[in-house]
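Every read-out reported here was derived from the displayed coordinates using simple, explicitly stated rules and does not represent laboratory data. Keep in mind that what you see is a predicted model, and the values were worked out from it rather than measured. FYI the Cβ positions are ideal-geometry reconstructions off the backbone, even for glycines, and counts take in every protein chain you see.
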Amino acid sequence: MINRSEAEQQDYIQWKDTLVARRLRDWLAEQYVIFLHQPGELSEAVDFLDTPSSKGFVIYFHHTGYTLREAVHFFDFLKERVLLQDYRTQISDLRTYERPNWVETVQRHYLKPRPLTDEAGKLRQRFGNITIELILRNDRPHQMRLRATAYKDHLFQEPEEFKQLFAALMT
């Protein structure tokens, strides 16, 4: 399980109000607008996922100047913002793998919407199940993925638009 120390939690609270935190959110929001209108102009440091069942983004931190501290705090910030959308944490874990040329560490938050049904008995899925992964190589931030995966099933309501989730994440 991922557990942050008291010092890490205090540092995170201070980080949320920094210019670096704001610039990272502003940059990602700007890249999302570019993706929607001029996808060929995207930075090499980001990609967006847009399939019928999954929406999301990948930040390639190895193409940015962000530090491990900033990447970890942004990872936790995204989880905090998802929880505000009436989600709950299903899993928050950390795994380490020995690769041929590096040690890979994957921190993951897996979040699900709180189970509510409508008048017809269909389950509300909001934006679907959300997975946030931070991948480190030799303790350096390599990439971060956020993926919202919705169900296409008669038991579930239609998912809400990813644009709404993205806006909530960036505020």
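Quick one: in the range 105-120, which of the residues that are in contact with a Ser or Thr (Cβ under 7 Å, 6 or more places away or on another chain) and not β-branched (Val, Ile, Thr) is nearest to HIS142 (Cα to Cα)?
This residue is ARG108.
For the range 112-139: of the residues being part of a strand (DSSP E or B) and under 18 Å from ASN3 (Cα atoms), which is farthest from the chain's Cα centre (by Cα)?
Taking the candidates together, the pick is LEU136.
Only strands (runs of 3 or more DSSP E) wholly contained in the range 1-111 count here; list those with 1 or more residues that are surrounded by fewer than 15 Cβ atoms within 10 Å (Cβ to Cβ) and not charged (D, E, K, R).
Passing ranges, in order: 87-98.
Cβ contacts < 7 Å: first residue among the aromatic types (Phe, Trp, Tyr), restricted to the range 69-97; second residue assigned to a helix (DSSP H, G or I), any location; separation 6+ or different chain. Result?
PHE74/LEU24
When you go through (1) farther than 16 Å from PHE77 by Cβ; (2) not in a strand (DSSP E or B) one by one for HIS142, which number turns out not to apply?
(2)
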